[in-house]
Amino acid sequence: IESIEPAAGRMQVSWQLPEVKNYNGDMERPPSFARSLLILTDTTKIWRMDKALKITDLKRGDLILVNVSAELPGKPSRCTEVWVGSESAKAATDAQAAKHKARSKR
């Protein structure tokens with residue numbers, strides 16, 4: 001998160017790739033490659049692991065993973081869910097992978 005305006009329900013974020021190994025074998029994060037203005041509403045769910053947070057709990061510098069709704073004519077896209085921290089992002093992706101694996105076994 002680069003900046004956040006809780007009263008306006010929006011935040012400016014940078015898009016980042018996961019960490020990769022450099023030539024020395026050390027893990028490092030590549031530079032940001034894009035920026036977005038994300039809209040948060042009263043229905044946006046914000047999580048840190050399994051704990052629900054409020055928009056006022058977010059701060060500049062937080063690493064987040066977001067789920068964004070589709071943009072429709074006259075209706076801009078908005079964040080439906082936000083996971084704060086790398087642990088939350090990993091837990092969310094692991095849970096989704098397990099759910100899809102279980103469905104494919106049916």
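The values are calculated or read from the model by the stated rules, or taken from the named source; none is laboratory data. Computed from a predicted model, the values in this text were never measured in an experiment. When we count neighbours, we look across all protein chains shown, and the Cβ atoms used for this are built from the backbone with ideal geometry, even at glycine. Just so you know, the surface numbers come from the protein's heavy atoms only, side chains and all, with ligands and any DNA or RNA stripped out. Shrake-Rupley method; radii C 1.70, N 1.55, O 1.52, S 1.80 Å.
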**Request:** Quick one: go through region 30-45 and flag any residue whose amide nitrogen is under 12 Å from the point 7 Å out along the Cα-to-Cβ line of GLU5.
**Result:** 37-40
**Request:** Only one of the values [x] 112; [y] 152; [z] 128 was calculated from this structure for volume of the Cα convex hull per residue in Å³; name its label.
**Result:** [y]
**Fill in**
Note to self, the chain gives a 222 nm [θ] from helices alone (DSSP H runs n ≥ 4, -39500 (n - 2.57) apiece, / all residues, nearest 500) of -6000 deg cm²/dmol
**Prompt:** So which of LYS59/LYS90; LYS21/LYS54; LYS51/LYS105 end up more than 27 Å apart by C-alpha?
**Reply:** LYS21/LYS54; LYS51/LYS105
**Only Lys, Arg (+1) and Asp, Glu (-1) charged, at Cβ; the chain dipole about Cα centre in debye** = 520
**Prompt:** Solvent-accessible area per residue for the chain at a 1.4 Å probe radius, Å²?
**Reply:** 75
**Request:** Answer rounded, prolate or oblate for region 58-106, using the Cα gyration tensor with square roots of eigenvalues a ≥ b ≥ c: rounded when a/c is under 1.5, else prolate when a/b is larger than b/c, else oblate.
**Result:** oblate
**Asked** What part of the accessible area of the chain, given as a whole %, is carbon or sulfur when the probe is 1.4 angstrom?
**Response** 53
**Request:** First measure r as the distance between the Cβ atoms of GLN12 and THR43, then evaluate 1/(1 + (r/R0)^6) with R0 = 35 Å and state the FRET efficiency to the nearest 0.05.
**Result:** 0.95
**Asked** Non-local amide H neighbours of LEU53 (under 5 Å, H modeled in plane, Pro and chain starts lacking H): which ones?
**Response** ILE46, TRP47, ARG48
**Complete:** Rounded to the nearest 0.05, FRET efficiency between SER32 and GLU81 (Cβ-Cβ, R0 25 Å) equals 0.70
**Item:** J(HN,Hα) series, region 25-39, from Karplus relation 6.51 cos²θ - 1.76 cosθ + 1.60, nearest Hz, glycine and proline x
**Value:** x, 8, 7, 8, 8, x, x, 4, 10, 6, 9, 9, 9, 9, 9
**Complete:** Sorted by chain and then number, the residues having a modelled amide H within less than 5 Å of the amide H of ARG78, at least 5 places away or on another chain, are SER69
**Asked** What net charge is computed for the residues neighbouring MET49, neighbours being all others with C-beta under 15 Å from the C-beta of MET49, Lys and Arg scored +1, Asp and Glu -1?
**Response** -2
**Request:** Amide H neighbours of GLY85 under 5 Å, at least 5 residues apart or on other chains, H built in the peptide plane: list them.
**Result:** LEU63, ILE64, LEU65
**Item:** Karplus (6.51, -1.76, 1.60) ³J(HN,Hα), θ = phi - 60°, over region 92-97, in Hz, Gly and Pro reported as x
**Value:** 5, 5, 5, 5, 5, 4
